[in-house]
1. Give me the pairs: first residue in region A:307-335 and touching a residue at least 24 places away in the same chain (Cβ under 8 Å), second residue in a helix (DSSP H, G or I) and surrounded by fewer than 18 Cβ atoms within 10 Å (Cβ to Cβ), beta-carbon distance under 7 Å, and six or more apart or on different chains, which are they?
2. So is residue B:60 under 22 Å from residue B:202 (Cβ atoms), at pLDDT below 95 and open to solvent by less than 60 Å² (accessible area, probe 1.4 Å) or not?
3. Would it be correct to say that residue A:293 is at pLDDT 95 or above, of a type in the set (Lys, Arg) and farther than 17 Å from residue A:315 by Cβ?
4. Identify the single condition in (1) surrounded by fewer than 21 Cβ atoms within 10 Å (Cβ to Cβ); (2) touching a strand residue (DSSP E or B) at 6+ places or on another chain (Cβ under 7 Å); (3) among the charged types (D, E, K, R) that residue B:119 does not satisfy, given that it satisfies every other one.
5. Can you give me the ranges of the strands (runs of 3 or more DSSP E) entirely in region B:119-214 with at least 3 residues that are free of Cβ contacts under 8 Å to residues at least 40 places away in the same chain and at the interface with chain A (Cβ under 8 Å from one of its Cβ atoms)?
6. Please verify whether region B:165-177 includes one or more residues that are open to solvent by 30 Å² or more (accessible area, probe 1.4 Å), of a type in the set (A, V, I, L, M, F, W, C), in contact with a strand residue (DSSP E or B) (Cβ under 7 Å, 6 or more places away or on another chain) and over 29 Å from residue B:421 (Cβ atoms).
7. Is it fair to say residue B:225 is more than 10 Å from chain A (Cβ to nearest Cβ), open to solvent by less than 10 Å² (accessible area, probe 1.4 Å), touching a His at 6+ places or on another chain (Cβ under 8 Å) and under 30 Å from residue B:275 (Cβ atoms)?
8. Does residue A:378 meet the test of being in a loop (DSSP other than H, G, I, E, B) and touching a residue at least 40 places away in the same chain (Cβ under 8 Å)?
There are 2 protein chains.
Amino acid sequence: MISKIILKEIACITGQEHLITARDALKEYASDATRLESMPDAVVFPGNAEHVSRILRLATEKGFPVIPRGAGSGMSGGAVPVRGGLVMAMNRFNRILTVDQDNLICRVEPGVITGHIQEAVEKLGLFYPPDPASLNISTIGGNVAECAGGLRAVKYGVTRDYVLGLTVVLPTGEILKTGVETMKGVAGYDLTRLIIGSEGTLAVITAITLRLIPKPAENKTVIAFFPDVSSAVRAVSEIIRNRIIPTVAEFMDRLCLDCVKEKMKFSIPRSAGAMLLIEVDGDEDFIEQNALRIRQVCELCSALKFIAARDKKEANRLWEARREVSPSLYGLRPHKISEDIVIPRSKMADLVAFLDKLGRRYNLPIAAFGHAGDGNIHVNIMHNRSHPGELENAQAVVKDLFEKVLQMGGTISGEHGIGITKAPYLEMEIPRAGLELMSRIKNVFDPRGILNPGKIFSSSSPV
Amino acid sequence: MISKIILKEIACITGQEHLITARDALKEYASDATRLESMPDAVVFPGNAEHVSRILRLATEKGFPVIPRGAGSGMSGGAVPVRGGLVMAMNRFNRILTVDQDNLICRVEPGVITGHIQEAVEKLGLFYPPDPASLNISTIGGNVAECAGGLRAVKYGVTRDYVLGLTVVLPTGEILKTGVETMKGVAGYDLTRLIIGSEGTLAVITAITLRLIPKPAENKTVIAFFPDVSSAVRAVSEIIRNRIIPTVAEFMDRLCLDCVKEKMKFSIPRSAGAMLLIEVDGDEDFIEQNALRIRQVCELCSALKFIAARDKKEANRLWEARREVSPSLYGLRPHKISEDIVIPRSKMADLVAFLDKLGRRYNLPIAAFGHAGDGNIHVNIMHNRSHPGELENAQAVVKDLFEKVLQMGGTISGEHGIGITKAPYLEMEIPRAGLELMSRIKNVFDPRGILNPGKIFSSSSPV
């Protein structure tokens with residue numbers, strides 16, 4: 001518990017109106033998209049880097065936990081205050097500071113909604129490609145902290161690939177600029193990318209310099225249905241072999257199709273075992289040519305049906321299938337464990353066959369959809385926690401899944417991070433020497449362990 | 001000095017035939033492309049990661065320096081054994097281990113020449129974009145250690161953007177896999193990118209997993225001459241504003257043009273103050289369209305002359321201008337200090353005007369060429385060390401240049417690294433809190449400081 005005296009000191013830094021201590025009001029800050037809950041002692045809304053610095057210095061001196069928070073839309077529990085303490089909500093860092101059209105660079109504060117950055121730069125003919133599904137609610141600071149991916153990663157890469165530099169506050173209070181504001185830079189160790197994806201455990205981000213690119217002129221969406229997953233995966237590989245890097249190559253398995261088919265405004269072939277939603281972007285001629293080539297490839301790969309959107313409205317209708325899949329899975333069971341493993345693309349059909357076996361073994365529906373272009377598959381283990389044993393079975397599926405994924409040369413997290421939900425499994429993937437290095441790096445940044453404690457490293461990790 | 005007993009132990013690990021101790025033979029390993037020299041005590045050629053591990057363990061136990069070395073083509077002294085010790089030459093790690101055509105991934109050992117990787121994958125229709133000018137001599141391990149850039153960085157990014165994972169040996173002997181072998185991955189801290197660009201000071205790399213892309217079908221080269229630098233810079237910005245990201249956008253100032261003009265097979269307009277060499281890649285129609293648009297943009301930006309290569313042979317002739325520039329500068333003075341600063345692209349004309357002023361102030365020819373697309377300019381301070389005061393003047397230029405570059409929001413190194421040549425200046429760019437973090441991270445990896453000592457951090461840096 002943070003003492004009243006300390007809370008008073010915090011209020012002196014930010015003003016009392018930017019500090020929440022009332023239990024009712026705190027509840028909103030107890031959880032994130034995982035719905036796991038743990039109550040903080042207080043929530044503070046710093047207004048500038050100096051506030052952040054003074055609060056962190058105090059935390060290091062007194063030894064209370066500080067949990068940085070963006071929109072609370074994280075998928076691995078990164079913002080859940082598992083050990084109580086002070087939630088540091090970055091909502092007031094909500095400005096787009098500069099958009100430099102000559103150098104294709106933009107500086108933003110961490111509390112800006114990612115989608116708002118995209119809108120602002122697209123008005124100027126520029127483009128910030130990373131597009132996590134949460135982009136209309138999640139903040140850029142959270143995206144950087146988790147190294148968020150998204151649908152367009154297959155062509156454009158992930159958050160890491162667009163961050164040039166950061167301003168951060170270290171747990172000991174120093175305000176530090178890392179990286180560069182130019183397109184290249186290699187001076188000293190890459191602290192910028194060390195902090196990206198560190199899930200709020202190394203430093204609090206107060207400003208971000210992003211690289212932009214010119215906005216592609218047009219895009220075109222197509223959908224193809226296949227008899228089975230292996231045909232769909234073959235189609236993705238063949239498309240890329242034809243030198244077409246799609247902007248998006250999303251995949252859905254049979255179970256997902258069953259869940260969404262009622263709601264779709266187009267009919268899904270009865271024998272469809274997999275769907276691909278593909279988007280290409282670029283100049284008009286270019287995308288029309290590519291869409292045609294994609295159709296040919298899909299047909300060669302036994303596609304049952306192919307639909308090309310003729311305009312934005314039709315594209316929207318096709319996208320509905322993808323947008324509806326996540327919520328519609330709740331029709332199978334009321335609870336969901338959603339993993340975001342990555343495997344080599346060529347092994348996707350094997351993985352889906354394995355999920356099928358797992359589902360039968362544990363008697364649970366397991367639905368797979370996600371980013372076929374880069375092998376980043378969202379595996380949804382549906383279950384009902386009020387049915388005895390189902391949660392345990394779902395957890396057993398997670399363990400078996402991770403073992404298989406690692407055997408296949410994959411990783412347990414493509415874009416959601418480790419947080420608390422995957423912390424117990426991290427040592428399945430990262431060798432002991434790696435975990436030790438990470439713990440010691442944590443200690444270099446945060447000698448008293450005040451910043452987001454309990455995340456990434458499980459209690460059994462070496463420190 | 002490494003004792004005879006220790007040298008015997010090293011010979012036991014690798015075999016005597018893989019250890020050099022004869023002074024004459026050592027000379028070859030005393031320097032790199034900087035021509036700065038310092039003699040090592042011995043050179044070892046480990047044959048596998050286990051050898052590397054046993055040698056590093058021994059070094060940590062006994063406390064002697066180990067200097068990892070690729071081809072010795074580095075531009076900042078990274079491979080120069082400034083404190084003597086054991087050069088660890090990675091020449092025997094010379095295999096391309098796998099090229100996975102389905103997943104567009106390739107695993108290589110660090111001693112493979114980068115150009116050989118490109119040839120091997122291009123035969124399969126794949127592409128490894130980073131192309132430092134040294135690609136036909138430098139090794140991929142050296143490229144990773146320095147985070148090498150290259151001409152194509154403006155479109156395709158730098159080495160960092162293509163490394164998915166590493167196998168490294170820590171100074172304490174542990175063999176560690178970092179990162180992933182898939183297209184995405186965010187499990188734990190990003191040790192991979194912390195090691196990339198760490199200039200052989202954190203770990204010895206023994207295997208590298210690279211991301212590949214499909215090889216662009218065609219490319220087309222054009223050259224344009226402008227009356228002055230600002231017109232050339234405006235042209236680059238306008239090209240990008242027209243949604244064309246050139247594969248290459250190389251720039252040369254008037255002094256460079258003067259040096260190469262005799263050797264060119266095409267005439268350079270007398271009033272030319274700057275040249276751009278631009279390349280675009282993609283499908284044939286696409287690049288022809290783009291070349292046309294580039295011509296229009298250049299003409300709008302006052303281009304004096306525009307040449308578009310009609311075939312590979314003509315392209316080669318245009319490229320000669322760029323290839324000849326670096327050696328031909330020695331016609332001005334026998335010695336060169338070559339910096340690789342980066343500034344916001346929009347400030348390039350200001351920088352070149354500043355160089356002009358500096359050249360007059362210190363009475364030295366200063367020639368600028370390089371990567372206009374990303375603002376990474378190679379500034380060549382020509383001088384004659386046998387003329388009293390010229391070396392000192394050249395060094396004064398460096399200091400003034402770095403001050404100006406940092407004022408402009410730039411960085412002192414875009415792709416060559418800090419090594420020894422820029423170590424004294426690093427604290428001009430990186431704030432003290434950053435240098436402290438870096439030193440402590442170094443200490444986490446390398447508690448006895450055996451790995452490439454004297455690099456990056458100057459003796460005045462905090463430890």
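The values are calculated or read from the model by the stated rules, or taken from the named source; none is laboratory data. Note that the coordinates shown come from a computational prediction; the quantities given were computed from them, not determined experimentally. When we count neighbours, we look across all protein chains shown, and the Cβ atoms used for this are built from the backbone with ideal geometry, even at glycine. For accessibility, only protein heavy atoms count, side chains too; no ligands or nucleic acids. Shrake-Rupley method; radii C 1.70, N 1.55, O 1.52, S 1.80 Å.
1. Listed pairs, sorted by first residue: A:308/A:295; A:324/A:263; A:328/A:263.
2. Numbers: under 22 Å from residue B:202 (Cβ atoms): yes; at pLDDT below 95: no; open to solvent by less than 60 Å² (accessible area, probe 1.4 Å): yes.
For residue B:60, the condition - under 22 Å from residue B:202 (Cβ atoms), at pLDDT below 95 and open to solvent by less than 60 Å² (accessible area, probe 1.4 Å) - is not met.
3. Numbers: at pLDDT 95 or above: yes; of a type in the set (Lys, Arg): yes; farther than 17 Å from residue A:315 by Cβ: yes.
For residue A:293, the condition - at pLDDT 95 or above, of a type in the set (Lys, Arg) and farther than 17 Å from residue A:315 by Cβ - is met.
4. Condition not satisfied by residue B:119: (2).
5. On the way: elements: B:163-169, B:175-179, B:204-211.
In region B:119-214, B:175-179 are the strands (runs of 3 or more DSSP E) which contain 3 or more residues that are free of Cβ contacts under 8 Å to residues at least 40 places away in the same chain and at the interface with chain A (Cβ under 8 Å from one of its Cβ atoms).
6. Quick first cut of region B:165-177, residues open to solvent by 30 Å² or more (accessible area, probe 1.4 Å) only: B:172, B:174-175, B:177.
Now restrict to residues that are of a type in the set (A, V, I, L, M, F, W, C): B:175.
After this cut, where a residue has to be in contact with a strand residue (DSSP E or B) (Cβ under 7 Å, 6 or more places away or on another chain) as well, the list is B:175.
Retained after the next criterion (residues that are over 29 Å from residue B:421 (Cβ atoms)): B:175.
The answer is yes; a qualifying residue exists.
7. Working: more than 10 Å from chain A (Cβ to nearest Cβ): yes; open to solvent by less than 10 Å² (accessible area, probe 1.4 Å): yes; touching a His at 6+ places or on another chain (Cβ under 8 Å): no; under 30 Å from residue B:275 (Cβ atoms): yes.
Spelling it out, it is not the case that residue B:225 is more than 10 Å from chain A (Cβ to nearest Cβ), open to solvent by less than 10 Å² (accessible area, probe 1.4 Å), touching a His at 6+ places or on another chain (Cβ under 8 Å) and under 30 Å from residue B:275 (Cβ atoms).
8. Numbers: in a loop (DSSP other than H, G, I, E, B): no; touching a residue at least 40 places away in the same chain (Cβ under 8 Å): yes.
No; evaluated as a whole, the condition is false for this residue.
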